[in-house]
1. Just the residues that are of a type in the set (A, V, I, L, M, F, W, C), assigned to a loop (DSSP other than H, G, I, E, B) and more than 24 Å from the chain's Cα centre (by Cα), please, taken from the range 487-511.
2. Can you tell which of Glu245, Glu269 is over 29 Å from Val91 (Cα atoms) and acidic (Asp, Glu)?
3. State whether one or more residues within the range 469-478 are modelled with pLDDT of 95 or more, surrounded by fewer than 24 Cβ atoms within 10 Å (Cβ to Cβ) and over 29 Å from Gly315 (Cα atoms).
4. Just a yes or no: is a residue in the range 227-234 farther than 18 Å from Ser424 by Cβ and in contact with a His (Cβ under 8 Å, 6 or more places away or on another chain)?
5. Inside the range 85-96, can you point out the residues that are closer than 18 Å to Glu269 by Cα and either touching a helix residue (DSSP H, G or I) at 6+ places or on another chain (Cβ under 6 Å) or surrounded by 21 or more Cβ atoms within 10 Å (Cβ to Cβ) (or both)?
6. Return the total of residues in the range 162-219 being of a type in the set (Val, Ile, Thr) and more than 21 Å from Ala448 (Cα to Cα).
7. Any chance you could count how many residues in the range 270-305 are in contact with a strand residue (DSSP E or B) (Cβ under 8 Å, 6 or more places away or on another chain), within 27 Å of Arg449 (Cβ to Cβ) and part of a helix (DSSP H, G or I)?
8. Among the helices (runs of 4 or more DSSP H) lying completely within the range 40-115, list those that include at least 2 residues that are under 31 Å from the mean Cα position of the chain (by Cα) and farther than 20 Å from Val346 by Cα.
Amino acid sequence: MKMQRTSLFAISITTMMGLCASAAWADTAEVVVRFKEKVSMESLARSVTDPASPRYQDFYSPEEIRALAAPSENEYNDVLTQFRAEGLEVVSESPSHLFVTVRGERATLEKMNAHAKANFAAMDFSPAARTIDNVSGLVPSQKRHTHLVISPMKGSPSTPSAQGNGVQPDQIHALYGFDAIYKEGFTGKGQHIAIATYDGFNISDVTQYYQKNNVTPGPTVDQVKFNGTPTVVMGSAAETETDAEFSGMIAPAAQIHVFTSAKNSDDGELAMFTAILDDNRAKVVNYSWGSCESQLSPAHKADMDKVFARAVAQGVNIMVASGDSGSSCQGNGKTEADYPAENPNVVAVGGTTLDTTGTEARETAWSGSGGGISTIYDLPDYQAHLGSAFAKRSYPDVAFNADPKSGQPTWIRYGQFFTPSKPSYVTIGGTSIAAPQWSGFLALVGEARGSKALGFLNPHVYSLSSANQAKLLRDVSSGNNGAYNAGAGFDAVTGFGSMRADALLNYLKNL
């Protein structure tokens, strides 16, 4: 059973039609305003990933990004003064001065956006019209869905067992090569992982999972609120808690920061990733939500392209679950890419079926592994050598256990199997369990590298020689996800496969 979260903004549109709120409420809106960049995020991202650049692997701080790309202090302050003069409330400001959240009358916000789009410098909204690039939150937005699959309960909901509740943490550690990393003393100490998610969650469930599974020394977990106080919704909380539990299970000494957006919408997503990058503690971000490429509006694509490029410029890896419907998207029956897994500046994590009968992981492609070829993103430079079959951005990049049949037990509240007010063990599958375990792995890599951040993972993986690929990654060469077949080397089902964790960490720490 796949869970989904309805867009809160879609609800507000229904409200405006008179179904459940007053006309006065419908006449107001809260939006995220993006300012024009003086230096593009894409150019900054290229400068830190190009070996010929003087800024290669010298990542930008939010302060540097503000100095290089944001409006001048006078321009910025003039715009905020104008907002207030028009009766708009400035709700929050990004320290980068590239984004600001504003609340006010919808008609005023729509007029401002129209003037900015037309660049009417002499009209009512100058200087804002010269400075604003886009306003997010005025039109209905796409839905975000979890990439998580609940498996039927076989054993006791209070005690996990290898027979009843899936693959246990100690099995994952042994089969993928994490035990050797822990013996070296790497546990993610001093590293930060951000969980990007929607709605509230039960932080006690996460800490109980660590205790019950002897995750030692035990990650610290906190919640970061940035656009209101989100309410706890069962399906969303199950996703959030799984992401936090599994990333911490791999990196048991990491600090995990759960950024919870109160709005599951375009502007909520934009505010969430902006908050994470402004915070600038985590060099690894997990995102197990998505939608279909066809639902991505041009305006929101432009917004998020800037944000994901900024992540690369800051040396941040965004690990995205690739989807659970194979080569179709959200089970729509069409061959279509998943958003944002198809974005060139994220690491898309696909899914495998794990055989636990040996002493090392043996994997085949999971039929539900999201993967394919984008129709809107050109082939990034790091994929240029893949061949004619991959003419545009192709994904996933890597993979991990995700098949519900080889799923893993998580400690969550899910009412289909037990009283929702009480947590219990539930076996989880989907690429939502694959992405956070890669996130935990990159936190281990971060600790091993010390003060020097790794930066964007994809160029390092795609530039590996065939010999190194065989030593560092576990190629998955059988199975399919519908339209695409797994095969030797890169494929649009499992990418380059899963990690041989100890070997890959030792390689990446020395780059």
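The values are calculated or read from the model by the stated rules, or taken from the named source; none is laboratory data. Bear in mind the structure is a predicted one, so any value in this text is a computation, not a measurement. Ideal geometry is used to build each Cβ from the backbone, glycine not excepted, and the neighbour counts take in all protein chains shown.
1. In the first step, residues of the range 487-511 are kept if they are of a type in the set (A, V, I, L, M, F, W, C); the result is 488, 490, 492-493, 496, 499, 501, 503-505, 508, 511.
From what's left, assigned to a loop (DSSP other than H, G, I, E, B): 488, 490, 492-493, 496, 511.
Those that are of a type in the set (A, V, I, L, M, F, W, C), assigned to a loop (DSSP other than H, G, I, E, B) and more than 24 Å from the chain's Cα centre (by Cα): Ala488, Leu511.
2. Working: Glu269 fails: over 29 Å from Val91 (Cα atoms).
Of Glu245, Glu269, the one residue that is over 29 Å from Val91 (Cα atoms) and acidic (Asp, Glu) is Glu245.
3. Scanning the range 469-478 turns up at least one residue that is modelled with pLDDT of 95 or more, surrounded by fewer than 24 Cβ atoms within 10 Å (Cβ to Cβ) and over 29 Å from Gly315 (Cα atoms).
4. Among the residues of the range 227-234, not one is farther than 18 Å from Ser424 by Cβ and in contact with a His (Cβ under 8 Å, 6 or more places away or on another chain), which makes the answer no.
5. In the first step, residues of the range 85-96 are kept if they are closer than 18 Å to Glu269 by Cα; the result is 91-96.
Scanning the range 85-96 gives Ser94, Pro95, Ser96.
6. We begin by selecting, within the range 162-219, every residue of a type in the set (Val, Ile, Thr); these are 167, 172, 181, 187, 193, 195, 197, 203, 206-207, 215-216.
Filter once more, keeping what is more than 21 Å from Ala448 (Cα to Cα): 167, 195, 197, 203, 206-207.
Matching residues across the range 162-219 total 6.
7. Step one: filter the range 270-305 for residues in contact with a strand residue (DSSP E or B) (Cβ under 8 Å, 6 or more places away or on another chain), giving 270-276, 279, 281-293, 295-296, 299-303.
If we keep only those that are within 27 Å of Arg449 (Cβ to Cβ) as well, we get 272-276, 279, 281-288.
Going one step further and asking which of them are part of a helix (DSSP H, G or I), we end up with 272-276, 279.
Of the residues in that region, 6 qualify.
8. Working: elements: 41-49, 62-69, 73-85.
In the range 40-115, the matching helices (runs of 4 or more DSSP H) lie at 62-69, 73-85.
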